[in-house]
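The values are calculated or read from the model by the stated rules, or taken from the named source; none is laboratory data. This is a predicted model, so every value here is computed, not measured. Cβ sites come from the backbone with ideal geometry, for glycine too, and all protein chains shown count toward neighbours. Keep in mind that these areas ignore ligands, DNA and RNA; they rest on the heavy atoms of the full protein, side chains included. Shrake-Rupley method; radii C 1.70, N 1.55, O 1.52, S 1.80 Å.
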Amino acid sequence: MKFTINEFLSVPIYVQLKEQFKKLIDNGLYQPHEQLPSVSELAGFLRINQSTVQKAYAELEQDGYVHIQAGKGVFVHAQPPLAAVVEAVSEPFGDTSMAKELSVPSKPVLLFVECNVPQAQEYAVELEKATGYVVKPCLVQDLEILGGSIQSGYYDLIVTTFLHIEEVQPIIERLGGAYQPKVIACLIESNLQSIRKLQELPAGSKVGIAGTTWQGAENFRQSIVNAELSHVELIVGSLEYPASLDAVIAAKPDLIVSTSLVSPYLQRHSRFTQLLIEDRCLSAQSVQYIQQYVEGKRKRATTDPASNM
């Protein structure tokens, strides 16, 4: 059994397991009707909880990759999703309702990609509440693990921020596949507000940037540079490296732009420095554009299944 489980990734273990099974089935390494390892066998081999394996199998069944026979085991579906869609669409006189059902799930599924777990989860929950869609968080470095689902058309849309669009787009293009989803970059309202605030500072002002992760702090520094705010001096720090935050405080900046997760540290160590807390949220325009795109895409897919390919 060739499976790789990494406990340090943001992607849950059951999702890692599910995605690897999908890829094996898509590549024909598990044939239709073939029995998969039992829950106890796989759990013992990978040294994980049986409930984790059961959840992976349950979602594989929900996605149409396997069917579970009580008392007998888990078997590869006679017609996995991708093959079923292709066959239904290619049959000129056949019933295309199956193709529509398989290629267009009842509720849109989006993937929100960010550089750190807290923000990925925060934005995914926010977008899910705003749209009513299923929105799953993912880290940039974990996209490869979800390659099977991305290639099979599971996601209606990949969403990220403008800070990461140049990282995410090439990965999605490299993963390829007939159902390659579109990548949309959305605006983060707090970034815009922070930049406006920095524009008002007098020339020569020192500005600290305190991020949850070093990458996130560096990305925000770059957005300030791109906004051509050359009149301020920037000092960057991150909660990942507390010493870098201490250096920001020691520089005695006129203002520190901080995420909500970092602000308690700064308030404990620098009570007299002005903080600009970034309570980040997706801009209303971005959410509206995402909804318009997804609804239009699904409407086209309902009337013409081939247009979704």
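Observations on the structure shown:
- Checking each residue in segment 248-263 for being open to solvent by 40 Å² or more (accessible area, probe 1.4 Å) and in a loop (DSSP other than H, G, I, E, B) picks out Lys252, Asp254, Ser260, Leu261.
- Among (1) modelled with pLDDT of 90 or more; (2) surrounded by fewer than 18 Cβ atoms within 10 Å (Cβ to Cβ); (3) within 25 Å of the chain's Cα centre (by Cα), the one test that Ala56 misses: (2)
- When residues of segment 65-82 are limited to those that are touching a Pro at 6+ places or on another chain (Cβ under 6 Å) and modelled with pLDDT of 90 or more, the one surrounded by the most Cβ atoms within 10 Å (Cβ to Cβ): Tyr65
- Inside segment 279-300, residues that are at pLDDT below 75 and of a type in the set (Gly, Ala, Ser) make up a count of 0.
- Checking each residue in segment 21-47 for being open to solvent by less than 60 Å² (accessible area, probe 1.4 Å) and modelled with pLDDT of 85 or more picks out Phe21, Lys22, Pro32, Leu36, Pro37, Ser38, Val39.
- Meets criteria (farther than 22 Å from Gln121 by Cβ and open to solvent by less than 70 Å² (accessible area, probe 1.4 Å)) for Leu163: no
- Residues in segment 200-242 that are part of a helix (DSSP H, G or I), open to solvent by 30 Å² or more (accessible area, probe 1.4 Å), of a type outside the set (Phe, Trp, Tyr) and in contact with a strand residue (DSSP E or B) (Cβ under 9 Å, 6 or more places away or on another chain): Gln215, Glu218, Arg221, Val225.
- Among the candidates Leu276, Leu266, Leu245, the residue that is modelled with pLDDT of 80 or more and outside any helix (DSSP H, G or I) is uniquely Leu276.
- Pairs with Cβ under 7 Å, 6+ apart, first in segment 125-152 and touching a residue at least 12 places away in the same chain (Cβ under 8 Å) and part of a loop (DSSP other than H, G, I, E, B), second open to solvent by 10 Å² or more (accessible area, probe 1.4 Å) and among the acidic types (Asp, Glu): Ser152/Asp26
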